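First comes the structure, then the notes that go with it.
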Amino acid sequence: MGIDRRALLKRAGLLAGTGALAGLTGCEPGRGAGSAAVMPTDAPGGWAGVRARFDLDPGKRHFAAFVLASHPRPVADAIQRHRDGLQTDPDGYLEAHGRRLDRAARAAAAGYLGADPDGIAFTRSTTDGLGLLYGGLRLRPGQEVVTTEHDFYATHEALRLRAERTGAAVRRVALYDDPAAVSVDGLVAAARRGIGPRTRVLALTWVHSGTGVKLPLREITAAVAELNRDRDPRDRVLVCVDAVHALGVEPAEVGDLGCDFLVAGCHKWLFGPRGTGLVWGRDAAWEQVTGTVPSFDRRAIGAWIGGRAPDGSGSRSSSLPRAALFEPGGFHAFEHRWALAEAFAFQRELGKAAVAERTRALATRLKDGLAAIPSVRLVTPRAPELSAGIVCLDVGDLSPDDAAAALRRQGILASVSPYASPHLRLGPSIVTSEADVDAALSAIAALA
Ligand SMILES: Cc1ncc(COP(=O)(O)O)c(C=O)c1O
């Protein structure tokens, strides 16, 4: 590199004062990170203590930890406990503990989301949830689904399969050309323009994993609500959101977002058990979707045994929530599903606001540093209102794969976004520190 890397980093405020100190001391709670204050967690040992509760290789800097979670100690312990019980006496353990553990996991998810437990269906992943949701939404003849160019394969493919099965009309719209230059007003206006008179479903992704753009979800759902006011209830636009890169990053309560369905895996930013996910829906919205995989809810099976329809049709006594009918049944990797209770408890122990602030502060530090490196093109917006934990960038003429490989050789683990226009992607999180960010910046500056 033809420039003084140290001078550059210094210009970005990374080698000066508290920045370097905070990095060296491994993220002291409450210390400044760039211009952003890092909210402390009450967890023992602060953020360094949090990091120590993961088995992640201590010799590496884990900026790809959000792709697939490592389990923190309480989650790993719970999985092991349930696995031991199931290994010894699978049916007995399930009979003795299954209902209680399922209820506990559901209550923990509801507490974390600020939702009613009956509004939540567990799945195995985001992809699972999107496939079931977009496969099961009721559409009347002539109604269409609108999605965007920026959604991940899982949304596009779920909708393509839906169209193939039922002939449903699906349309894609672009919300932006240059991700780094998006604005709240521009995104809201583009989403609003994308909705036509026949649109019944707006399928969005909250945080785009190909660019790092975070949609202003509340503003978009407010615009949709305004538009819905003049529509027949059967034609109102339902807003469905892939929130996998927001769950465990954004602290909002789900009911405040204004969307109808929220779909996420719990095994990314939330650091929950691998192979777990959920779909949350508003009460009224659940009426608009049918299940695909038979539910194993006891009430549904009981109704079937009694010769009644599992959904309560033809009976006045059934109160089976529709989310329970939607939740795919069959026996699962129960040890993972039940450990969701510990995963949500872990996040709440750290503090939702503290985790959000920590992620934001580290991402801001990273973006500020990247913006000062001439060979770097930052793809993700710098404003925290328009970005979350994912930071996408290009480095000179290097391919993202080559850049990621070069970083990996130095123990800096990044990922490459799996899209038609790939980018190098780093995700600062609760398992990275200021020192990790600074090391990544030095290594990236030396790449091109
Ligand atoms: C936006 C988005 N949605 C969904 C997925 C898939 O998540 P899951 O593994 O939970 O299906 C990914 C990436 O893996 C993603 O980036």
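What number of residues within the range 262-309 satisfy the criterion of being in contact (Cβ under 8 Å) with a residue 40 or more places away in the chain and among the charged types (D, E, K, R)?
Looking only at that region, the number is 5.
Which of the numbered conditions does GLY135 fail, given that it passes all the others? Conditions: (1) over 15 Å from PHE326 (Cβ atoms); (2) open to solvent by 20 Å² or more (accessible area, probe 1.4 Å); (3) away from the ligand (no atom under 11 Å from the Cβ).
Condition not satisfied by GLY135: (1).
With the requirement that a residue be within 12 Å of the ligand (Cβ to nearest atom) and either within 8 Å of the chain's Cα centre (by Cα) or open to solvent by 10 Å² or more (accessible area, probe 1.4 Å) (or both), what does the range 256-276 give you?
ALA264, GLY265, CYS266, HIS267, LYS268, TRP269, LEU270, ARG274, GLY275
It is to be established whether one or more residues within the range 98-111 are part of a helix (DSSP H, G or I) and within 16 Å of the ligand (Cβ to nearest atom).
Yes, the conditions are met somewhere in the range 98-111.
In the range 198-208, is there at least one residue being within 16 Å of the ligand (Cβ to nearest atom), open to solvent by less than 10 Å² (accessible area, probe 1.4 Å) and not hydrophobic (A, V, I, L, M, F, W, C)?
yes
Which one of these does PRO141 not meet: (1) touching a residue at least 12 places away in the same chain (Cβ under 8 Å); (2) more than 24 Å from GLU253 (Cβ to Cβ)?
(1)
Which residues, taken from the range 389-415, are open to solvent by 20 Å² or more (accessible area, probe 1.4 Å) and either β-branched (Val, Ile, Thr) or part of a loop (DSSP other than H, G, I, E, B) (or both)?
GLY396, ASP397, LEU398, SER399, GLN410
Across the range 277-287, what is the total count of residues that are away from the ligand (no atom under 16 Å from the Cβ), touching a helix residue (DSSP H, G or I) at 6+ places or on another chain (Cβ under 8 Å) and open to solvent by less than 20 Å² (accessible area, probe 1.4 Å)?
So the count comes out to 2.
Hey, can you tell me all the residues within the range 146-171 that are touching a helix residue (DSSP H, G or I) at 6+ places or on another chain (Cβ under 8 Å), within 16 Å of the ligand (Cβ to nearest atom) and open to solvent by 60 Å² or more (accessible area, probe 1.4 Å)?
Selection gives LEU161 alone.
Of the residues that make up the range 310-321, is at least one touching a residue at least 24 places away in the same chain (Cβ under 8 Å) and within 16 Å of the ligand (Cβ to nearest atom)?
The answer is no; no qualifying residue exists.
If you check ARG124 against the conditions, is it within 16 Å of the ligand (Cβ to nearest atom), under 30 Å from ARG377 (Cβ atoms) and among the basic types (Lys, Arg)?
no
Take the range 416-448 and flag every residue that is buried (at least 22 other Cβ atoms within 10 Å of the Cβ) and within 16 Å of the ligand (Cβ to nearest atom).
Scanning the range 416-448 gives HIS423, LEU424, ARG425, LEU426, GLY427, SER429.
The rows are residues; the columns are (1) over 24 Å from the mean Cα position of the chain (by Cα); (2) under 30 Å from GLY45 (Cβ atoms); (3) crowded, with 20+ Cβ neighbours inside 10 Å.
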position: VAL289; (1), (2), (3): no, no, yes
position: ARG299; (1), (2), (3): yes, no, no
position: ASP311; (1), (2), (3): yes, no, no
position: PHE331; (1), (2), (3): yes, no, no
position: ALA356; (1), (2), (3): no, yes, yes
position: ALA363; (1), (2), (3): no, yes, yes
position: GLY369; (1), (2), (3): yes, yes, yes
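The values are calculated or read from the model by the stated rules, or taken from the named source; none is laboratory data. Worth saying up front: this structure is predicted, and the values here are computed from it rather than measured. FYI the Cβ positions are ideal-geometry reconstructions off the backbone, even for glycines, and counts take in every protein chain you see. Calculation scope for accessible area: heavy atoms of the full protein, side chains included, ligands and nucleic acids excluded. Shrake-Rupley method; radii C 1.70, N 1.55, O 1.52, S 1.80 Å.
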